[in-house]
Structure formats: structure tokens, C-alpha cells
Amino acid sequence: MSDRMRPAEGERPEPSAATDDEFASFLSDIASTVSEVMDEAPWRRRLAGAILRWEGEGLRTRRLERALESEAAIDPEPVVAGFERDAARLLELAAELRALGAPNAGVPLDDPDRLAEVERHLATARTARPPEPAAPASRPVAGEPPTAGPERGAAAAKPGSAGDRWFANAEKLAWDWVALDERVVEELG
Amino acid sequence: MSLVNYATREITCKIVYYGPGRSGKTTNLQYIHAQVPDSRKGQMVSLATETDRTLFFDFLPLDLGTISGFQTRFQLYTVPGQVYYDATRKLVLKGADGVVFVADSQPGQQEENLESFRNLQVNLLEQGVDPRSFPICLQYNKRDLPDVEPMESMDDALNYRELPRFEASALAGDGVFDTLRGISETVLRQLAQRYGRTVSATG
């Protein structure tokens, strides 16, 4: 070991001599350090995996990203579980809105952090839906289970149905196209 | 600068070579550039005067490839050493993750070394960075010259914080990668400490 190239005490005991493969040696050491740092943060891996998954579904993941930026280690499971619950609910609401043929009116249907806005928008869309002449009893009823909405909307959306004012509506067609696009992206992912 | 981006799975590490004029900062980068395979490096950008002194800065991007699933990149910069380019130094220092302070070991250069080291600390403080906890490594360069300051003298002047320090002769390449390895590991260990864990030195 060259005394001239001695590092400070407490640092690496044997510095590498100048060789033709200095960079490879450097790279190997840095890879070990990076692996060590990354492997000590499994909670970050869990969050990063959830982000990649839900981004692939076309959803915004700000809540998970904020958790990822936490400086102290956290338990990722409650965060991920909460996000997944909201994401699943959001997808349900978005499907119902599509079935109703309601315009999104600027309400984001890809952000689980804004679930409340989508809930309100859906409630408005349900009540704004015009009465169907053939079946007036099918108006929204307070306390009705939310699953009744998509079924009713799907039935009303049948092509040729007299009560479906969204049929052949350009906005609805555009919305259907977006949904198709999302499915294609998902399959590719 | 974000050191680790888990969402995009990238690690970007900005390391700045700081020090007085003609201490060998650019020579460090030139040696590294020469040793790194083409596939792992970008173009080294240097803005120099007619007399080969760094006017603005040098920049050398290194792509270390994918490590533990993270695309790992190092960005190496130098600052101009001359006193009157302080604004440039501040600009280059912004967002740095670590600093290599390159000191000139020749007798009679201690005052310049000290002035530049003080300037580094002032500029870090101006940017809201505490120099006492910021990753810094010292490189005592030009140790191959026949007449140099003893190591003890260099330490007394610059290393009162017991920072990692390396002897080097950047022109021949001696100690250049040891220094780069030293600052890289210091930066990464600090990253781990920030998350409440400890990481031992590799190797």
C-alpha cells in the first residue's frame, strides 16, 4: 500500500491502487453501498411498487408519493390499504358515471384523493337525470344502494331506448372512447 | 436536488469539486473522464479561458447503470477557483449532494486553501446548508511534487472536523478514484442516516 495514497483514519483501510480498471472497482463499491442503502428501506419499495401499479391503472398517486417522501420510516400497509380502498371506490364511481353518461364537468376521475368530489358529482348526476316516461318509478330514491345506479344507467343507456337522452350524445361517445383507451393502456402495461 | 426518486427509480448524485484556483479540480474530472468507458459517461463540458483556467465550470455526467433497480447517475462539477467568480461558485454549488475540496499541497498555498475553504462554508450557509453536517471530503493534491506541506500541517489548517481526506496526484491519477469513492460513500451513508438507519462502509 502506498503511504502517499493513504486515506484518512477511519476511512477505507486499503485504497485501491491506480489500475486499468479503476472505474470497475469504483462501480462495484458504489453498487454495494447503493444496494445496502436501498435494501434497508423495504417500506419504500412497498410504496414504490404500489405507485407503479396504480399509475399503470391511470390513477394519480400523490398520497403514496407524499408517504414515500417521509424522512422517517413508516408502516406502508395502512397507507397502501387506504389508498387501494379509495382507488377501488373511485373506479366504481367512475363506472357508474359512465353508465349514466354524465359529463365529468371538470371533476377528476383519476384522483383517489378527491373521492368526495366525485361522490358529490355522482349524486348530482343521479338527481339531474331526467324522469323516464315509461318507468317513472325508477327515479333515484333516497337510501337506495349505490349498486342500483349503474344497473339503472346501463339499462337506460341501451341504444334505441326512448328514455336515454345521452344516446348519440357526442360527450358520451368521447367518454366511452377514453374508457376504451384506458383499457388498452392497462393491457399494454 | 432530490437524491433518490423512488417513483421514477432514479438516484442522482451531484458532487462539486471545490477549491482554490489551480489546485487540480479540472484535472480530477479529466482523469475520471479518461478512465470511464464511453457507454458510462456523457460529454465532459468545460468552459475555460485561453490559459486553461476554468472560467465557468466543468461538468461530467456519469451513468452507473441500474443498481438495485435504480438508475444511478452521478453529476460531477467543478467551480472556478479564482476569488472573483464567487457568483458562479454559488450557482454551481446549489443543490449539491456532496463536495470534494481540492487543496493544493504546495508550500505557500495554505492561505489560498483556507480562503477557499472559508468561502465554501460561507456559500453553503447562504444556501441554508449546515457545513458541519454536509458531506465534504478533502483531497490534498499534488503530493507527487518534491516540496509539499506535511500532512499534519494540511490537517491542522483544513481538517479540524476530521473529515475524510485523501492524498492525491490528480495529474497521474493517484488518489482520484479513492476521493470519488470517498465522497460517494459519504453522501450515500448520509442518505441512510437521514432515514434513521446506519450503513457501514463497503469494501
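The values are calculated or read from the model by the stated rules, or taken from the named source; none is laboratory data. Note that this is a predicted model, so its numbers are computed, not measured. Every residue, glycine as well, gets a Cβ built from its backbone with ideal geometry; the counts of neighbours run over all protein chains shown. Only protein heavy atoms, including side chains, enter the accessible area calculation; ligands, DNA and RNA are left aside. Shrake-Rupley method; radii C 1.70, N 1.55, O 1.52, S 1.80 Å.
Things worth noting here:
- For B:P37, the conditions (1) free of Cβ contacts under 8 Å to residues at least 40 places away in the same chain; (2) in contact with a Leu (Cβ under 8 Å, 6 or more places away or on another chain) all hold with the exception of (2).
- Hits in segment A:53-85 - residues which are open to solvent by 50 Å² or more (accessible area, probe 1.4 Å), of a type in the set (A, V, I, L, M, F, W, C) and within 14 Å of A:P42 (Cβ to Cβ): A:A73, A:I74
- Of all residues in segment B:158-172, those satisfying the criterion of being closer than 21 Å to B:V99 by Cβ and either among the hydroxyl-bearing types (S, T, Y) or at pLDDT 95 or above (or both) are B:L158, B:N159, B:Y160, B:L163, B:P164, B:R165, B:F166, B:E167, B:A168, B:S169, B:A170.
- Residues in segment A:58-70 that are under 16 Å from A:G82 (Cβ atoms), in a loop (DSSP other than H, G, I, E, B) and either within 8 Å of chain B (Cβ to nearest Cβ) or under 12 Å from the mean Cα position of the chain (by Cα) (or both): A:L59, A:R60, A:T61.
- Checking every residue in segment B:120-142 against the condition of being within 25 Å of B:Q35 (Cβ to Cβ), open to solvent by 20 Å² or more (accessible area, probe 1.4 Å) and not aromatic (F, W, Y) gives at least one match.
- Each residue in segment B:67-119 was checked for being open to solvent by less than 10 Å² (accessible area, probe 1.4 Å) and under 18 Å from B:F166 (Cα atoms), and 12 pass.
- Segment B:16-41: number of residues that are open to solvent by less than 20 Å² (accessible area, probe 1.4 Å), within 14 Å of another protein chain (Cβ to nearest Cβ) and assigned to a helix (DSSP H, G or I): 3
- Residue under evaluation A:G49, criteria (1) surrounded by 16 or more Cβ atoms within 10 Å (Cβ to Cβ); (2) at pLDDT 75 or above; (3) out of contact with any Phe, Trp or Tyr (no Cβ under 7 Å at 6 or more places or on another chain), criterion not met: (1)
Yes or no, residue by residue, for (1) in a loop (DSSP other than H, G, I, E, B); (2) within 14 Å of another protein chain (Cβ to nearest Cβ); (3) of a type in the set (F, W, Y); (4) surrounded by 15 or more Cβ atoms within 10 Å (Cβ to Cβ):
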site	(1), (2), (3), (4)
B:I11	no, yes, no, yes
B:K14	no, no, no, yes
B:Q43	yes, no, no, no
B:L47	no, no, no, no
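- For B:Q139, the criteria (1) more than 20 Å from A:I30 (Cβ to Cβ); (2) more than 8 Å from chain A (Cβ to nearest Cβ); (3) not basic (K, R) hold in every case but one, which is (1).
- Selection count, segment B:162-186, where residues are under 21 Å from A:A24 (Cβ atoms) and among the acidic types (D, E): 3
- Cβ-Cβ contacts under 8 Å between residues 6 or more apart (or on different chains), taken from a first residue in segment B:128-157 that is under 28 Å from B:C13 (Cα atoms) to a second residue that is among the aromatic types (F, W, Y) and open to solvent by 20 Å² or more (accessible area, probe 1.4 Å), are absent.
- Flag for B:R143 being farther than 25 Å from B:L188 by Cα and modelled with pLDDT of 95 or more: yes
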